[in-house]
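The values are calculated or read from the model by the stated rules, or taken from the named source; none is laboratory data. Note that this is a predicted model, so its numbers are computed, not measured. As a convention, Cβ positions derive from the backbone with ideal geometry for all residues, glycine included, and neighbour counts pool all protein chains shown. Note: areas computed on protein heavy atoms with side chains; ligands, DNA, RNA excluded. Shrake-Rupley method; radii C 1.70, N 1.55, O 1.52, S 1.80 Å.
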Amino acid sequence: QEKKIFTVQGPYPVIRRLLRARGWVERKLPGAGSSRPEQHHGSQEKQLQEEGEQWDEDPDGIHDLMSRLVQDQVPYFIWTNRLGAVDCRLLRQDQVVNHYARVGAFTTKEGLCLNLRNLPWFDQADPDTFFPRCYRLGSVEERQAFIEDFRLTAARSLLKVALERAGDALVGTEQPPKSGEGPVAQRVPRSHVPHPMPSTVGPGPPLPPQLVEEALQVCKQHLGSLGHQDIEGDPRSPHMTGTDWDRFLRDYYCVTHEGARLALNGTQREQCQALLRRLAGRLPQLGMEGSCNVWILKPGAKSRGRGIVCTARLEEVLRLAGGCVAPLARVGEWVVQKYVERPLLIFGTKFDIRQWFLVTDWNPLTVWFYRESYLRFCSQPFSLHRLDPARHLCNVSIQKQCGPARGRHPRLPPDQTWSCQQLQAYLAEVGRAGAWHQVMVPGMKAALVGALRSAQDLVGSRKGSFELYGADFIFGEDCQPWLLEINASPTMAPSS
């Protein structure tokens, strides 16, 4: 009569215990006993068994008996691992379910990639300020857009490398060096550099002097296309052809990956600085994209970090994603995303954060943002010269296969996990006590609301339903959050 009958699919002992404490009675699913969890997709059951989670909480059989008494009754609270376990057409208005339909618009890699581009239509927000630019490689148009983006990023990166190796810091965009990155080129004051004399930096014979000139010209043209009217490109300068780009990228790889020398004169140095300053005002991701042009390739249908590869070469991305566009390529099968090359590190090690949030209504959009979150560390020190998963992918399922690094900082957690309170204490130690409440949390909230707004009209809203999600963020050196993905049915089993 009080409609306090519930059904839970899967090993969720805390949910069961708390509902029972509130006077609810479980109507168990067919075949579900009290001594073993139901089979379901994902890794929660295995994790619970590995961690020794107490499952049999009904030693006297009372709950089994009560469950048999309500087998013919309607459950009013239904918790399942996936929406497909419930026939939504048969649900009554007073039944509560922990899922919405069609949430793939923001919980899949390709859905988030596609729909966030429409955010400016729904909100006064720029997704480029919180979501690294992303392309679906199964689409002919998006694959070509990625190739163009990779080339432009390479041209910008060449200018950055040229300035770094010449000892010049870019005023207004200089960021502190990363721990674990090895020696950093000494910064030479501009007043100590012979202005008109060209400088060659790096081992081996210098590359052709026109390489920097080509990068300058490409960046000028790009700046013009972004609407900068005060930059006048030479109308006689031709655009780069595909063959030109292939040669340029070969030389660029020699510079960034092999340390080849660059010839840079005083005029070019000034042009590099001026162009990068102006591009920084037009490209919100210029600072986080670094100077190595690393991208992260993700298979669209997999989770827990499986199949993810970091690479800094265009041809490798295209090869891994299937080479040229195949006639039968499924749109969205692979996504490629700009890698955050200048992340906030803790003791020279990369981490990300799992942030939980709950949606209880889509009209009006109602989001509950959890105060508690947790960090997941990599097991090896961060380095852009080695792109292996142990240094770059924070997923628990990836890192538990990796051994800890030699000489690992003693304050890094052996279980690779910190609480958000431990992060705040660390930030206070390094003089950034206000970053969590002033920058990180507001930025994460804004990013999540933006992602949900972009998909609001696509989700199958239902009054009385709700859903819990797990969002993954990484932070830049300036503590600004970058949204990586949003997970539906996130595992709630203990990982450590």
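Some values worked out for this structure:
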{"item": "Odd one out for residue 424 among (1) at pLDDT 80 or above; (2) under 17 Å from residue 476 (Cα atoms); (3) in contact with an Asp or Glu (Cβ under 8 Å, 6 or more places away or on another chain)", "result": "(3)"}
{"item": "Positions within region 457-483 being open to solvent by 50 Å² or more (accessible area, probe 1.4 Å) and either over 14 Å from residue 129 (Cα atoms) or touching a strand residue (DSSP E or B) at 6+ places or on another chain (Cβ under 8 Å) (or both), in sequence order", "result": "457, 458, 461, 462, 463"}
{"item": "Residue in region 406-415 that is among the basic types (Lys, Arg), surrounded by 13 or more Cβ atoms within 10 Å (Cβ to Cβ) and assigned to a helix (DSSP H, G or I) present", "result": "no"}
{"item": "Single residue of region 376-390 satisfying the filter (over 17 Å from the mean Cα position of the chain (by Cα) and crowded, with 20+ Cβ neighbours inside 10 Å) that is modelled with the highest pLDDT", "result": "381"}
{"item": "Test: residue in region 459-470 that is assigned to a loop (DSSP other than H, G, I, E, B), within 19 Å of the chain's Cα centre (by Cα) and over 24 Å from residue 118 (Cα atoms)", "result": "no"}
{"item": "Long-range neighbours under 8 Å by Cβ, at least six apart or interchain, first residue more than 15 Å from residue 247 (Cα to Cα) within region 142-159, second in a helix (DSSP H, G or I) and of a type in the set (Val, Ile, Thr)", "result": "146/317; 157/256; 159/212"}
{"item": "Pairs with Cβ under 8 Å, 6+ apart, first in region 260-279 and touching a residue at least 60 places away in the same chain (Cβ under 8 Å), second surrounded by fewer than 17 Cβ atoms within 10 Å (Cβ to Cβ) and part of a helix (DSSP H, G or I)", "result": "268/213"}
{"item": "Any hit, region 431-448, residues being crowded, with 18+ Cβ neighbours inside 10 Å and under 20 Å from residue 98 (Cα atoms)", "result": "yes"}
{"item": "When residues of region 116-138 are limited to those that are modelled with pLDDT under 95 and of a type in the set (S, T, N, Q), the one most open to solvent (accessible area, probe 1.4 Å)", "result": "124"}
{"item": "Where a residue in region 467-481 is farther than 11 Å from residue 355 by Cβ and its partner, wherever it lies, is part of a strand (DSSP E or B) and β-branched (Val, Ile, Thr), with Cβ under 9 Å and at least six apart", "result": "467/97; 467/359; 467/360; 468/359; 474/353; 475/353"}
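Here is a yes/no grid of residues against (1) at pLDDT 90 or above; (2) part of a strand (DSSP E or B); (3) at positive phi:
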{"site": "276", "(1), (2), (3)": "yes, no, no"}
{"site": "281", "(1), (2), (3)": "yes, no, no"}
{"site": "286", "(1), (2), (3)": "yes, no, no"}
{"site": "292", "(1), (2), (3)": "yes, no, no"}
{"site": "298", "(1), (2), (3)": "no, yes, no"}
{"site": "318", "(1), (2), (3)": "yes, no, no"}
{"site": "323", "(1), (2), (3)": "no, no, yes"}
{"site": "326", "(1), (2), (3)": "no, no, no"}
